[in-house]
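Q: Sharing a structure here in structure tokens format.
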Amino acid sequence: MKKSTLLNSEISYLVSTLGHTDETTICDAGLPIPDEVQRIDLALTHGVPSFIDTVKVMLDEAQFEGVIMAEEFTNVSPKLHQQLCHLLEQEQQRTGKNIAISYISHEEFKQRTAYSKAVIRTGECTPYANVIFQSGVVF
């Protein structure tokens with residue numbers, strides 16, 4: 001049995017196949033997911049698993065050099081946005097590697113998810129609780 005934090009086989013496979021600059025989306029329960037992108041659906045019920053819990057596991061398992069969020073996230077759901085930014089700051093301190101943060105409109109964000117290797121759907125019901133992670137390298 002796998003000993004590390006991540007037990008989900010689909011996400012474990014995804015992380016092991018990520019290359020530099022590959023993108024992975026973690027989204028709330030309502031984000032439309034393009035048919036051509038792998039959907040990893042973790043949603044069990046409202047709030048389970050949470051967006052933040054899912055992000056924490058991904059940050060523990062993979063190296064990221066950038067994130068993309070919708071501009072609307074900052075104003076509509078500022079508390080959750082601040083939690084995400086705090087986690088990103090902690091990750092930068094832990095690894096010593098910068099994580100670039102960029103913002104685009106929600107409409108552009110939805111279109112951008114089509115370039116993700118996979119979209120991980122959580123049970124989060126907070127508006128705009130979505131992030132695209134851009135893979136980095138560990139060296």
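None of the figures in this text is laboratory data; all of them are computed from the coordinates on show. Everything numeric here is computed off the predicted structure, so don't read it as measured data. Because the Cβ atoms are built from the backbone with ideal geometry, glycine has one as well, and the counts that use them run over all protein chains shown.
Q: Going through region 65-139, which trypsin sites (Lys or Arg not before Pro) have at most 11 other Cβ atoms within 10 Å and a DSSP loop state?
A: Working: sites: Lys79, Arg94, Lys97, Lys110, Arg112, Lys117, Arg121; in loops: Lys97, Lys117.
Hits after loop and neighbour filter: nothing returned.
Q: Over the chain, what is the percentage of antiparallel beta bridges among all DSSP beta bridges, to the nearest 5?
A: 40
Q: Taking the Cα centre of the chain as the origin, how large is its charge dipole in debye, to the nearest 20, when only Lys and Arg (+1) and Asp and Glu (-1) carry charge on their Cβ atoms?
A: Rounded to the nearest 20 debye, it is 380 debye.
Q: Compute the separation of the alpha-carbon centres of region 91-139 and region 1-73 and state it in Å as a whole number.
A: 9
Q: Before anything else, pin down the relative contact order of the chain: Cα pairs under 8 Å, at least 6 apart, normalised by residue count, whole percent.
A: 50
Q: Here's a follow-up. What length, rounded to one decimal in nm, is gained on full extension from Val76 through to Gln92, with 0.36 nm per residue of separation minus their alpha-carbon distance?
A: Extra length available between Val76 and Gln92 comes to 3.2 nm.
Q: Work through the residues other than Thr126 whose Cβ is under 10 Å from its Cβ and net out their charges, Lys, Arg +1 and Asp, Glu -1.
A: -1
Q: What are the aspartates and glutamates whose alpha-carbon lies under 13 Å from the alpha-carbon of Lys117, with same-chain residues fewer than 8 places away excluded?
A: Straight-line reach from Lys117, under 13 Å: Glu10, Asp22, Glu23, Asp35, Glu36.
Q: In addition: Name the residue from Ser9, Phe64, Ala43 whose Cα lies farthest towards the positive end of the charge dipole of the chain, charges +1 on Cβ of Lys and Arg and -1 on Cβ of Asp and Glu.
A: Going by the Cα projections, it comes out as Ser9.
Q: Give me the aspartates and glutamates in straight-line cross-link reach of Lys79: C-alpha distance below 18 Å, same-chain residues under 8 apart excluded.
A: Counting by Cα, and skipping residues close in sequence, Lys79 has these aspartates and glutamates nearby: Asp28, Asp53, Glu71, Glu89, Glu124.
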